[in-house]
Structures are given as structure tokens and as C-alpha cells.
Amino acid sequence: MSDLKITLIQTRLHWEDIAANLQMFDEKINSIQERTEVVFLPEMFSTGFSMKPERIAETMDGSAVQWMKKKAAEKNIIICGSLAIEDNGHYVNRLIWMLPNGTYGTYDKRHLFGYAGEHEHYQPGNKRLIAQVKGWKINLNVCYDMRFPVWARNTIQPETGAPAYDVLVYVANWPERRNTAWNTLLHARAIENQCYAIGVNRVGNDGNEIYHSGETSLIDPMGEIIYRKSHDEDIFTYTLQRERLEEVRKNLPFLKDADTFTFLSNELV
């Protein structure tokens, strides 16, 4: 397994304006000078975290997904972010992992943010998505999922003897007022799962005048902060080092001592 170069984009979002956001991300991705392999965008990157899916949601044939396909192919990169999607008559907050050849994986946000009424407008998913690229296994999640560690628990796979994944990702619209939780929980997820942990957040006010200060972060498997950015827009590219990950897991083999468990929900057994 070789190293993996990733890019995190922290930015303001144009409230419920799909065309403006797609143009903005087009320009930001075009501005990346160095070679990268995976680009991560925030939660609901085409609209902001809106509870008006009847107004903003598109289908999987809509402009945002088509833009992801076109841009991934044009730049020969993987693009990852979530969108408000209409699917078979209901709405989901859907993370999309778009490959350069136009194929993609999807993850519908499992934990809906009841405090903002997300559960009243969107339906939850019930399946994890662990994507693979260059031998890396990447567990993909959305915002509020970070508060629920069991959903992200890394386990040793009996068939391979290896952990289920190597990188844990949260794309988010996480407000500044709860930054202590954001920073603390992302640290914990990296340490307890012995993985790189990535949190990609937005900045600026949303349409409800809720301020987001970003705090987009990259944490290594020992909990060391590789990158964290507050308040300002930024584009950060970094090479995830396989040797570092393997060194931590070899010298401190904590995952093999973890508890075993089974989801009891009928949907998740």
C-alpha cells in the first residue's frame, strides 16, 4: 500500500444556491497546484445545511452529481462530499464518493440532527460506506455521526487480521458554538480507532445566521494534530503516510483487545 495525497477544502457556502456553490468549488479545485488524489468537501456542499429539501434537493441525475462526475474525470481525482438528495419520494443527506470513471459509492447519513429537526425532513441511512483507494480503506461519515462512537468503531476483521479501515472522515456543517465537542470528539475518534481522522467543516454564517468557524482538521493515529484551520477559507493538501499508520498499529496493538459487539437494531444486525 502506497501513501495517499488528500485535499481538504474549508469554505463559505452560498445559502441554498446550487449554481453559485458549484461554480465556487469548480474554481477552488482548479486552483490546486499540486497533484492530489482525493478532494473532500463539506456537508451539503451545494446548498448549506438546509431543512428545506423540497426546495433544494436534487436527484442523482441533478446538476451537483453531474458536476462531481465531470470534475472528477477532468482532474482525475476522487471527490467526496454530501448533498441533499431526493430518492424514491423521500429525502436523504447523502455522501457521495465519486471516482474519475463516473462510478460512485453512497452513504446516507445515519444519525440525523434532531435538535435542528433534520429527522423531520430527511430519512436516515442504515449502512456504512468504507471506500477503498490505493489499498487504503476510508470510513465515510457525515457531521452528527461523530457523536456516536459505536457507529465508527474500528474492529479487527477475522478473515484478514487487519482493521476494518485506515481513515475516518466526517464532512460537516458544525457550528462554532459547539467547537469544543468537534475538536474533542475528532481527537477521540482518531485515538480509539488507531486511524487518521479527518473533519471537513465550513466557515461563515448560514441562512439562519449560525456562525461556523471551520476547525477543519487532520489528526494522526496517535492523536497528533497535523492540520487545523479556524475562521478562514483554506485549501490544504497532505500526504497520508502508510508507514506512520503501520508503525502505530504494530507498536501499540490496542485494537486486538477491543470489545466485540453486535448491533441490536433490526436494520443493523
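Each value in this text was obtained by applying a stated rule to the coordinates, not by laboratory testing. Quick caveat, the model's predicted, so the values are computed rather than measured. Every residue, glycine as well, gets a Cβ built from its backbone with ideal geometry; the counts of neighbours run over all protein chains shown.
Points worth noting:
- Index of the failed condition, ILE6 passing every other in (1) under 16 Å from the mean Cα position of the chain (by Cα); (2) surrounded by fewer than 20 Cβ atoms within 10 Å (Cβ to Cβ): (2)
- The set of residues in the range 129-151 being hydroxyl-bearing (Ser, Thr, Tyr) and either within 18 Å of ASP220 (Cα to Cα) or not in a helix (DSSP H, G or I) (or both) is empty.
- As a summary of the residue check, ASN93 satisfies the conditions (1) buried (at least 24 other Cβ atoms within 10 Å of the Cβ); (2) outside any strand (DSSP E or B) except for the one numbered (2).
- Among all residues of the range 178-196, there is none that is more than 19 Å from PHE148 (Cα to Cα) and basic (Lys, Arg).
- Residue identified as of a type in the set (A, V, I, L, M, F, W, C), in a strand (DSSP E or B), surrounded by fewer than 20 Cβ atoms within 10 Å (Cβ to Cβ) and touching a residue at least 40 places away in the same chain (Cβ under 8 Å) among PHE261, PHE236: PHE236
- Residue within the range 100-111 that is crowded, with 17+ Cβ neighbours inside 10 Å, more than 30 Å from GLU74 (Cα to Cα) and under 15 Å from the mean Cα position of the chain (by Cα) present: yes
- Single match in SER31, SER46, SER82 (criterion: within 30 Å of GLU176 (Cα to Cα), among the hydroxyl-bearing types (Ser, Thr, Tyr) and surrounded by fewer than 17 Cβ atoms within 10 Å (Cβ to Cβ)): SER31
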